[in-house]
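Scroll down for the structure; my scribbles are underneath it.
Laboratory data are not the source of any read-out in this text; all were calculated from the coordinates shown. What you are looking at is a predicted structure, and each value in this text was computed from that prediction instead of being measured. Positions of Cβ are generated from backbone atoms using ideal geometry, with glycine treated the same way; all protein chains shown enter the neighbour counts.
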Amino acid sequence: MGKRGPPPKPTRIRLIEGNPGKRSINKNEPQPPAVFDLRAAKPPAFLSGMISRRIWNQEVTPLIGLGILTQIDLTQFAAYCESAETYIEAHQKVRKMGMMIVQKRGKTSVMTRNPYIKIRRDAKAEMLRYAQEFGLTPSARSRISITEGGKKDDFESFLSGGD
């Protein structure tokens with residue numbers, strides 16, 4: 001049986017939000033290294049679609065700059081890009097072919113729902129799950145507050161021992 005309830009938020013996100021639930025912070029949570037060299041964040045070789053690579057190139061730099069995307073998150077981010085590409089391609093097929101298509105069944109033709117509708121819906125749901133993890137939706141961003149002016153944020157203070 002799986003775990004119940006929503007998945008826990010990463011400590012970085014909870015601290016940026018001000019830990020509104022006042023739950024205890026896991027001080028031993030592994031903190032993956034950030035991606036400091038953007039060349040290290042180049043699209044992986046398996047991300048071969050033109051659309052997914054374009055999405056990667058548009059969104060990877062801001063996410064790294066915010067400290068949300070780290071070195072070990074790159075594969076999950078690539079999965080987000082591929083889900084987005086699948087969604088876009090399926091959407092284009094639905095627009096081109098229509099909601100209903102004609103299928104031959106023996107000597108007769110039958111109108112059926114375009115199978116790309118389900119592919120589009122599944123890809124959209126998958127894309128949304130990834131997008132929420134990376135703060136790529138308006139509601140996910142509304143719960144995040146980034147400090148400015150070079151001042152240490154709560155997370156950095158926490159890691160440095162509360163300076």
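Note on the range 34-145: with charges restricted to the Cβ of Lys and Arg (+1) and Asp and Glu (-1), its dipole about the Cα centre is near 860 debye. Sorting 100-110, 64-74 by their mean Cβ neighbour count within 10 Å, with the most densely packed peptide first, gives 64-74, 100-110.
Using packing as a proxy for protection, rank 18-28, 121-131 so that the peptide with the highest average count of other Cβ atoms within 10 Å comes first. Could you put the intermediate results ahead of the total?
Working: 18-28: 9.5, 121-131: 16.0.
Highest to lowest by the protection proxy: 121-131, 18-28.
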